[in-house]
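**Q** Got a structure here, written out as structure tokens. Questions coming.
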Amino acid sequence: MLRKVTLFAVALALVAGPALASGKVREPHPVAFSFEGPFGRFDQAQLQRGYKVYREVCASCHSMNLVAFRNLGDKGGPFFDPKYPNPNDNPVVKALAADSQIRDIDGETGDAIQRPGIPADNFPAPFPNDPASRASNGGVLPPDLSMMAKAREGGPEYIASLLTGFVTPPAGLTVGPGQHYNPWFPGDVSSAWSGDHAHVPEGGFIAMAPPLAPDKVEFDDGTKSTVRQQAQDVAAFLMWTAEPKMEERKQMGFSVLIFLVLFSGLLYASYRRVWRNESH
Amino acid sequence: MSGHSTYEPKTGFERWLDVRLPIVRLGYDSFVDYPTPRNLNYWWTFGGILSLCLGVQIISGIVLAMHYTPSAGAAFASVEHIMRDVNYGWLLRYMHANGASMFFIAVYIHMLRGVYYGSYKAPREVLWILGCVIYLLMMATAFMGYVLPWGQMSFWGATVITNLFSALPVVGQAITTWLWGGFAVDSATLNRFFSLHYLLPFMIAGVVVLHVWALHVVGQNNPTGIDPKSKADTLPFTPYATVKDGFAMSLFLILFAVFIFFMPNAMGHPDNYIPANPMVTPPHIVPEWYFLPFYAILRAIPDKLMGVLAMFGAIACIFALPWLDTSKVKSMRYRPQAKLYFFIFLVACVVLGFCGARLPDDQVIPGLKTLSVMDSDLNSFVWLSRISTAYYFGYFLLVMPLLGLFEKPLPTPETISSPVLGGDKKD
Ligand code: HEM
């Protein structure tokens, strides 16, 4: 009986699912990312394209404070090269770091200076502080992107859908200045809707203008630069920045599981042996 | 079961130590020779699993604390530093965060086992209460631990829960300010939560010692609820229970490992990866899953103070269980009606959990509009939680006392070994 009860409770828990929806928002498009599932790994070429999209487009508004140039050359990262186990020696990483100007203080004079980056530097933020960032973005702060793929329901699929989801607003929806309608962005547009109140459009207004356009970024590997491609590549890159140890984690997971399954088998055999003459 | 000790020191050193500090004797009597009922099933392996969980939390927590910074300005970044730059820091943190959930899975099974088999009944009342104290300390520890990464849910969860105390008349506001160490949840709050989060697990360990001591005085209950009558009813703890517990622990670790390595954020909330921001309230503040049933009870009651009292009352009921249940028969194996009510209780708890995760006014059946009673439509999660809350309290305060007086239990066996050796393998 207890067994049936438990099975029922577990089944109920699985069926009902932890749905946490509040306003109406469109479900993200499913994307078959290479890193999904227990065997999934990052696609290095995709991470490199994604980095390029981030660097050339997103980085002009969004910071990425938690990631350093050296991370690009870490195992599992976009520019990892087995020849350079220490990413600080990786010439690609060094060149990418040197491309950026870093705000610093001159050690002799104390003056504020700009110097070329080194692998140990974190990605520089586009604005010196939050008020400056707000001032340049119509009063809305573009959030830091380091953790974005883990900080939103739907993760990378949400990001890809959001970036490709700037559709023409339906007739009857008034979009305010500096606002953009996006059915994938969580929000509530009912106060701007003059149509039937039982059918308020999904989604919300986002203060980010559509950042991507066809051929806006030229991919070095010759991949056709569609908006969809750019969106999926940058979403994959953001998954990597949010979870850089994913490949290491899954790999270790398999060793641990194999060990535990064998160990459990051994313990079960011992259990059967110890109890073989005892009824219970 | 605290019978005569059969320990015989074998080496000269053991003999020397035994007359000065009989610690090896204590260990031998408690974990080797200790007689366990021979018919224990796998629901009895969760005690060992819980000790394992406590060990995992303490060890991973101590190493995390070596790299963690408890200040409002630095906490979030220090946890991310652990995840990115500390060697195997991601492993430590995922172990610790998922370990808390695994701990609660185990403790809920352990407690429901106790309810089903009547393990709280005389002479095990003190044992049961000590268990309830551990559970209370675990909730306090996990709540304060969840504040430490200082994400949005950390901050707003702490704000909501500490604000509950302000519902108390007269002293409420003063207590809240005292808890915060200031006039809002801020660095002072975070720092004291860290201090207490470090302290409480060791208090838990202390109460665990008392819990095991009480257990070894009265002996383990078993699926029949009949006390062992002779040697034929028991087996020595080692090797019989050790190997079975070990096997169950290993299976539990497999589940634990699946979470750590393949779905480490499944039991967390994405908002906790957004740094705490006192200026932005998340659209939907939810606690960790293991608190959801109590959160639903809190929100089921329209009045804040009454809601808080109901929430604490829900926990108080568990403490009072030994005196609420009037049945002479311990195990529900012989109480068919009690089984039915227990089953409904389990469903009510799961339903409360779901209600806790939803907005109170969301519809249970989408699109259906019914009568509005007490400001809410009957087809809403708040009404579902009201019904479940009523059952939760009804189960403890009505079913438990009355059923024992009126039900007709099945005949119980004379001894443990009679059904066991007779090959009756139910449950
Ligand atoms: C009863 C045992 C314990 C439970 C149930 C528990 C629970 C938790 C929880 C739920 C978190 C938040 C995890 C997250 O979402 O990131 C946490 C964080 C933390 N705990 Fe514990 N904990 C326990 C014991 C300990 C001990 C003994 C220490 C050692 C001092 C410790 C140190 C920490 C630290 C430093 C953090 C912040 C780092 C992080 O968020 O990962 N914990 N704990």
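The values are calculated or read from the model by the stated rules, or taken from the named source; none is laboratory data. Fair warning: this is a prediction, and the values are worked out from it, not measured in the lab. Positions of Cβ are generated from backbone atoms using ideal geometry, with glycine treated the same way; all protein chains shown enter the neighbour counts.
**Q** Going through the stretch A:28-61 one residue at a time, which ones are more than 22 Å from A:Trp184 (Cα to Cα) and among the hydroxyl-bearing types (Ser, Thr, Tyr)?
**A** Of everything in the stretch A:28-61, those that are more than 22 Å from A:Trp184 (Cα to Cα) and among the hydroxyl-bearing types (Ser, Thr, Tyr) turn out to be A:Ser34, A:Tyr51, A:Ser60.
**Q** Return a yes/no flag: does the stretch B:189-197 have any residue that is among the charged types (D, E, K, R), over 22 Å from the mean Cα position of the chain (by Cα) and more than 16 Å from the ligand (Cβ to nearest atom). Outline the logic, then answer.
**A** From the stretch B:189-197, those among the charged types (D, E, K, R) are B:192; that's our starting set.
Now narrow it down to the ones that are over 22 Å from the mean Cα position of the chain (by Cα): B:192.
Still in the running and more than 16 Å from the ligand (Cβ to nearest atom): none.
Checked the stretch B:189-197: no residue is among the charged types (D, E, K, R), over 22 Å from the mean Cα position of the chain (by Cα) and more than 16 Å from the ligand (Cβ to nearest atom).
**Q** In addition: Assess whether B:His110 counts as being in contact with a Gly (Cβ under 7 Å, 6 or more places away or on another chain), more than 8 Å from the ligand (Cβ to nearest atom) and at pLDDT 95 or above.
**A** On the way: in contact with a Gly (Cβ under 7 Å, 6 or more places away or on another chain): yes; more than 8 Å from the ligand (Cβ to nearest atom): yes; at pLDDT 95 or above: yes.
When the stated conditions are applied, B:His110 passes them.
**Q** Which one of these does B:Phe183 not meet: (1) within 15 Å of B:Met138 (Cα to Cα); (2) outside any helix (DSSP H, G or I)?
**A** (1)
**Q** Any chance you could count how many residues in the stretch A:201-217 are in contact (Cβ under 8 Å) with a residue 60 or more places away in the chain and farther than 26 Å from A:Val189 by Cα? Spell out how you get there, then give the answer.
**A** Keep residues of the stretch A:201-217 that are in contact (Cβ under 8 Å) with a residue 60 or more places away in the chain, which gives A:202-204, A:207-208, A:211-212, A:216-217.
With farther than 26 Å from A:Val189 by Cα added as a condition, the list becomes A:216-217.
Residues meeting the conditions: 2.
**Q** Shifting gears a bit: What single numbered condition from (1) away from the ligand (no atom under 16 Å from the Cβ); (2) free of Cβ contacts under 8 Å to residues at least 24 places away in the same chain; (3) not aliphatic (A, V, I, L, M) fails to hold for B:Asp29?
**A** (2)
**Q** Among (1) assigned to a helix (DSSP H, G or I); (2) touching an Asp or Glu at 6+ places or on another chain (Cβ under 6 Å), there is one condition B:Val212 misses while meeting the rest; what is its number?
**A** Tallying (1) assigned to a helix (DSSP H, G or I); (2) touching an Asp or Glu at 6+ places or on another chain (Cβ under 6 Å), B:Val212 fails exactly one: (2).
**Q** Quick one: in the stretch A:232-259, which of the residues that are closer than 15 Å to A:Gly40 by Cβ and charged (D, E, K, R) is nearest to the chain's Cα centre (by Cα)?
**A** The extreme case among them is A:Glu243.
**Q** Now for a different question. Output the number of the condition that B:Pro123 fails; it satisfies all remaining conditions of (1) more than 14 Å from chain A (Cβ to nearest Cβ); (2) surrounded by 20 or more Cβ atoms within 10 Å (Cβ to Cβ); (3) more than 15 Å from the ligand (Cβ to nearest atom).
**A** Result: B:Pro123 fails condition (2) only.
**Q** Okay, next question. Filter the stretch A:140-171 down to residues that are free of Cβ contacts under 8 Å to residues at least 40 places away in the same chain and farther than 18 Å from A:Thr241 by Cβ, then give me how many there are. Explain how you work it out, then say what you get.
**A** At the first step, the residues of the stretch A:140-171 found to be free of Cβ contacts under 8 Å to residues at least 40 places away in the same chain are A:141, A:152, A:167-171.
Narrowing further to those that are farther than 18 Å from A:Thr241 by Cβ: A:141, A:167-171.
Adding up the residues that qualify gives 6.
**Q** Could you go through the stretch B:127-145 and let me know if any residue there is surrounded by fewer than 21 Cβ atoms within 10 Å (Cβ to Cβ), under 30 Å from A:Glu247 (Cα atoms) and not aliphatic (A, V, I, L, M).
**A** So far as the stretch B:127-145 goes, no, none of its residues is surrounded by fewer than 21 Cβ atoms within 10 Å (Cβ to Cβ), under 30 Å from A:Glu247 (Cα atoms) and not aliphatic (A, V, I, L, M).
**Q** Then there's this: Do we have any residue at all in the stretch A:159-176 that's under 17 Å from A:Met208 (Cβ atoms), within 14 Å of another protein chain (Cβ to nearest Cβ) and either surrounded by fewer than 21 Cβ atoms within 10 Å (Cβ to Cβ) or over 13 Å from the mean Cα position of the chain (by Cα) (or both)?
**A** no
**Q** For the stretch A:264-280, name all the residues that are within 7 Å of chain B (Cβ to nearest Cβ) and of a type in the set (D, E, K, R). Reasoning before the result, please.
**A** Step one: list which residues in the stretch A:264-280 are within 7 Å of chain B (Cβ to nearest Cβ), which gives A:264, A:267-268, A:270-271, A:274-275, A:278-280.
Passing the criteria: only A:Glu278.
**Q** Could I ask something else about it? Quick test for you: out of B:Gly356, B:Gly367, pick the one residue that is within 14 Å of chain A (Cβ to nearest Cβ), of a type in the set (Gly, Ala, Ser) and buried (at least 18 other Cβ atoms within 10 Å of the Cβ).
**A** Values: B:Gly367 fails: buried (at least 18 other Cβ atoms within 10 Å of the Cβ).
After applying the criteria, what remains is B:Gly356.
To keep it simple, each residue is scored yes or no on (1) more than 11 Å from every other protein chain (Cβ to nearest Cβ); (2) under 19 Å from the mean Cα position of the chain (by Cα).
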site: B:Gly55; (1), (2): yes, yes
site: B:Ile59; (1), (2): yes, no
site: B:Met66; (1), (2): yes, no
site: B:Pro70; (1), (2): yes, no
site: B:Gly73; (1), (2): yes, no
site: B:Glu80; (1), (2): no, no
site: B:Met83; (1), (2): no, no
site: B:Trp90; (1), (2): no, no
site: B:His96; (1), (2): yes, yes
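**Q** Check whether at least one residue in the stretch A:125-144 is more than 14 Å from chain B (Cβ to nearest Cβ), surrounded by 14 or more Cβ atoms within 10 Å (Cβ to Cβ) and of a type in the set (Phe, Trp, Tyr), and report yes or no.
**A** Yes; the residues of the stretch A:125-144 include at least one that is more than 14 Å from chain B (Cβ to nearest Cβ), surrounded by 14 or more Cβ atoms within 10 Å (Cβ to Cβ) and of a type in the set (Phe, Trp, Tyr).
**Q** Another question about this same structure. Could you list all residues from the stretch A:26-41 that are closer than 14 Å to A:Glu157 by Cα and not small (Gly, Ala, Ser)?
**A** Selection gives A:Arg26, A:Glu27, A:Pro28, A:His29, A:Pro30, A:Val31, A:Phe33, A:Phe35, A:Glu36.
**Q** Can you pull out the residues in the stretch A:134-166 that are more than 14 Å from A:His29 (Cβ to Cβ) and among the β-branched types (Val, Ile, Thr)?
**A** A:Val140
**Q** Here is a follow-up. Considering the stretch B:258-287 alone, what residues qualify as being at the interface with chain A (Cβ under 9 Å from one of its Cβ atoms), within 25 Å of the chain's Cα centre (by Cα) and not in a loop (DSSP other than H, G, I, E, B)?
**A** Hits for the stretch B:258-287 are B:Val258, B:Ile260, B:Phe261, B:Phe262, B:Pro270, B:Asp271, B:Asn272.
**Q** Is it true that some residue in the stretch B:146-158 is in a helix (DSSP H, G or I) and more than 16 Å from the ligand (Cβ to nearest atom)?
**A** The answer is no, given that none of the residues of the stretch B:146-158 is in a helix (DSSP H, G or I) and more than 16 Å from the ligand (Cβ to nearest atom).
**Q** Next up: Give the residue that is surrounded by the fewest Cβ atoms within 10 Å (Cβ to Cβ), with candidates limited to residues of the stretch B:37-94 that are near the ligand (Cβ under 10 Å from one of its atoms), β-branched (Val, Ile, Thr) and part of a helix (DSSP H, G or I).
**A** Residue satisfying both the conditions and the ranking: B:Ile62.
**Q** Then there's this: Among B:Phe259, B:Phe237, B:Phe202, which is away from the ligand (no atom under 16 Å from the Cβ) and either modelled with pLDDT of 95 or more or under 26 Å from B:Leu52 (Cβ atoms) (or both)?
**A** On the way: B:Phe259 fails: away from the ligand (no atom under 16 Å from the Cβ); B:Phe202 fails: away from the ligand (no atom under 16 Å from the Cβ).
Residue meeting the stated conditions: B:Phe237.
**Q** Which ones in the stretch B:146-186 are touching a Gly at 6+ places or on another chain (Cβ under 7 Å) and hydroxyl-bearing (Ser, Thr, Tyr)?
**A** Those that are touching a Gly at 6+ places or on another chain (Cβ under 7 Å) and hydroxyl-bearing (Ser, Thr, Tyr): B:Tyr146, B:Ser166.
**Q** Based on this model, can you work out whether A:Phe237 counts as assigned to a helix (DSSP H, G or I) and touching a residue at least 40 places away in the same chain (Cβ under 8 Å)? Break it down stepwise before answering.
**A** Values: assigned to a helix (DSSP H, G or I): yes; touching a residue at least 40 places away in the same chain (Cβ under 8 Å): yes.
Yes, satisfied.
**Q** Quick check: is even one residue across the stretch B:294-302 exposed (fewer than 15 other Cβ atoms within 10 Å of the Cβ) and hydrophobic (A, V, I, L, M, F, W, C)? Reasoning before the result, please.
**A** Of the residues in the stretch B:294-302, the ones exposed (fewer than 15 other Cβ atoms within 10 Å of the Cβ) are B:302.
Narrowing further to those that are hydrophobic (A, V, I, L, M, F, W, C): none.
No.
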